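Working notes, beginning with the structure itself.
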Amino acid sequence: EVQLQASGGGLVQAGGSLRLSCAASGFTFDDYAIGWLRQAPGKAREGVSCINISDNRTYYSEYVKGRFTISSDNAKSTVYLQMNNLKPEDTAVYYCAADKGCLRGVYDYDYWGQGTLVTVSS
C-alpha cells in the first residue's frame, strides 16, 4: 500500500524554523516526484515546493523561494522541507504528495499524506 506520512509541524514564532519530513513507502521512490502543498483555513490550497527524485530538480513557490529548501534522503525514502524565517502567513496544514513528476495542479497528485499543521505566531 502506498503511504506518505508528513510530520514535523508545530508552533513557532515568526522568524523561527521548522523541518518537515515526508516518509514514503509502497512505491519506487526514485521513480516519483514529491511535492509539498499547503492550505490555510479559508484559503485555497497552494503549491509550496516539489522535488523530482531521479534528477534532484527542485521547484519553489515565489512565496517561499529563498526561505524554504526541499531535499531528499533516498536511502530513507524521505523528503524534507526546511523552513526558515517563517512568517505568520506560512500558517497552514502542510501536505506531502507524490506523482510521476512535478508541476501538477494542487489536487492532481496521485498520492497524498495526511498533512501536518504549522502555526507561526506574530
**Asked** Which of the residues spanning segment 1-51 are over 23 Å from residue 88 (Cβ atoms), open to solvent by 60 Å² or more (accessible area, probe 1.4 Å) and in a strand (DSSP E or B)?
**Response** 3, 5
**Message:** Any residue at all in segment 65-77 that's in a loop (DSSP other than H, G, I, E, B), open to solvent by 40 Å² or more (accessible area, probe 1.4 Å) and either in contact with a Ser or Thr (Cβ under 8 Å, 6 or more places away or on another chain) or within 26 Å of residue 121 (Cα to Cα) (or both)?
**Reply:** yes
**Request:** Please enumerate the residues belonging to segment 52-64 that are more than 12 Å from the chain's Cα centre (by Cα) and not in a strand (DSSP E or B).
**Result:** 53, 54, 55, 56, 57, 62, 63
**Item:** Residues satisfying the stated conditions in segment 53-100, i.e. farther than 14 Å from residue 6 by Cβ and of a type in the set (Val, Ile, Thr)
**Value:** 53, 58, 64, 69, 91
**Item:** Test for residue 54: is it in contact with a helix residue (DSSP H, G or I) (Cβ under 8 Å, 6 or more places away or on another chain), open to solvent by 20 Å² or more (accessible area, probe 1.4 Å) and of a type outside the set (Val, Ile, Thr)
**Value:** yes
**Asked** If you check residue 55 against the conditions, is it out of contact with any strand residue (DSSP E or B) (no Cβ under 7 Å at 6 or more places or on another chain) and free of Cβ contacts under 8 Å to residues at least 40 places away in the same chain?
**Response** yes
**Request:** Give me a count of the residues in segment 78-103 that are open to solvent by less than 50 Å² (accessible area, probe 1.4 Å) and within 24 Å of residue 25 (Cβ to Cβ).
**Result:** 14
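The values are calculated or read from the model by the stated rules, or taken from the named source; none is laboratory data. Please read all numbers here as calculations on a predicted model, not as lab measurements. Because the Cβ atoms are built from the backbone with ideal geometry, glycine has one as well, and the counts that use them run over all protein chains shown. Heads up: the accessible areas ignore ligands, DNA and RNA and are worked out on the full protein's heavy atoms, side chains in. Shrake-Rupley method; radii C 1.70, N 1.55, O 1.52, S 1.80 Å.
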